[in-house]
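See below for the structure under consideration.
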Amino acid sequence: MLLFCVSLVFTIQSHSYHKSKFINSANFLTGGVYNSVNNVSSYFNLKSQNQLLAEENKRLRSILHNSEVEIDSIFIDSLTFGESYRFFSSNIIKNSYSLNNNILTLNKGTNDSIKQDFGVISSKGIIGIIDKTSRNYSTVISILNTTSRISAQLKKTNHFGTLTWNGKDPKFTQLIDIPKISPVSIGDTIITSGRSSIFPKGVRVGVIEDFKLDQAENYYEINVRLFNDMTNIEHVYIIENADKQEITNLLSNN
Amino acid sequence: MNSIFSVHTIRFITLVFIQVLILNHINFFGYINPYIYILFIGLFPIKNNRIALILLSFLLGLTIDLFLDTGGIHAAACVFIAYIRPIILKFSFGTIYEHQTIRFNTVEFGSKLTYFTLLTVLHHIVLFSLEIFSISNIILILQKTLFSSIFTILLSVIVTIIFSKESK
């Protein structure tokens, strides 16, 4: 009996990287608890969240009113894409940034037609990818998760690499596999590359803090300072790529 | 018997809620969190049978895991300390434990501290090594274990002092 319990634990443990279907915070009980607590605790940071939203409104308004004048502007903004992306607004009801594999919980689920592999961004930049969904809640694999892999690129050129996290500092993520030939310099902006069919091209990620060559000396490892303060996020947008089915069909036919 | 049962049920639920709703948001220096819910395992009556304790600790760990999206690491660490608790009891209380006459309100402070320290450190080592799950990061595991343990031990000792006074 004792050994049975221990073995049961380790069975579940061994599946923890596939994240067994029933142990996640998107279920009715934990989602409900987090939601009701969040109803209260969200009042405490209303001010800073309002400020973030006001900043975004200001930015969007300036784009709106300047667009007739600068119609041929090359400015790429994170919220101006074609018709193929749909946006949903949502709130984070559980944030987490101190573990190695951080997972967030949102208050939208399959009732709001949220599905697995939708992208999640905030007004300032990238947050993560939807993992599990229940009827009213969903979990997000944060970019602060050592298993997360997201395609990202330099803003000024098209050299792309993979965005990972080493589990150390929630202010920084690591961009690896950028070719040695690319012109990397400190302070450059990193954006998503749009190659993964989850995120559109041009969602802002962060700026280059420092960089070095990896052991084989063929690729750069870049430390990226995130635009988002991952410890203080509440209002997020979920992105659905309407063409995703078509793209995956095309790729699987090859 | 009935009152003991209800006391432990209330303790179980209260500790889970305190852990999930308050203590996991402390993030002292970015990553240090106390895990005070193991007090439930520590203060479980000694005369009760072991299998009940192990099952309850499994349930406790699993509940924490549910809230934190951590797979099964808390459940594993809880079952581990519940399993080896008799050995720790024997080590820290010596002969009193042999005679099965131990009561947590009456034992001296030093041996109680040893008991909590051992329980906490073992729990945290299992917890963080399963969370990080790589030998190359062993420094990080030990660092997290050390700092979180200090925090947890301090809090659990304070909590036991406060509540044992009240029950007298």
| Right, A:Gly119: of a type in the set (Gly, Ala, Ser), at pLDDT below 90 and surrounded by 12 or more Cβ atoms within 10 Å (Cβ to Cβ) or not? | no
| Counted residues, the range B:43-52 - those being of a type outside the set (Phe, Trp, Tyr) and either surrounded by 21 or more Cβ atoms within 10 Å (Cβ to Cβ) or outside any helix (DSSP H, G or I) (or both) | 6
| message | Testing B:Glu98 on (1) loosely packed, with under 15 Cβ neighbours inside 10 Å; (2) at pLDDT 75 or above, one condition comes back false. Which one is that? | response | (2)
| said: Kindly evaluate A:Leu144 against the criterion of being away from chain B (no Cβ under 14 Å), in contact (Cβ under 8 Å) with a residue 40 or more places away in the chain and either touching a Leu at 6+ places or on another chain (Cβ under 6 Å) or under 30 Å from A:Leu29 (Cα atoms) (or both). | reply: no
| query | Within the range B:27-58, can you find the residues that are more than 14 Å from B:Ile81 (Cβ to Cβ) and either touching a residue at least 24 places away in the same chain (Cβ under 8 Å) or basic (Lys, Arg) (or both)? | reply | B:Phe28, B:Phe29, B:Tyr31, B:Ile32, B:Asn33, B:Pro34, B:Pro45, B:Ile46, B:Lys47
| Hey, any hits in the range A:131-138 for a residue that's under 22 Å from A:Val236 (Cβ atoms), within 12 Å of another protein chain (Cβ to nearest Cβ), free of Cβ contacts under 8 Å to residues at least 60 places away in the same chain and part of a strand (DSSP E or B)? | no
| remark: Cβ pairs under 6 Å, 6+ apart or interchain, first in the range B:66-80 and facing chain A (nearest Cβ under 7 Å) and at positive phi, second buried (at least 24 other Cβ atoms within 10 Å of the Cβ) and part of a loop (DSSP other than H, G, I, E, B), ordered by first then second residue, are B:Asp69/A:Asn24; B:Asp69/A:Ser25
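The values are calculated or read from the model by the stated rules, or taken from the named source; none is laboratory data. Just so it is clear, the model here is predicted, and its values are computed rather than measured. Counting neighbours? That spans all protein chains shown, and the Cβs are built from the backbone with ideal geometry, glycine included.
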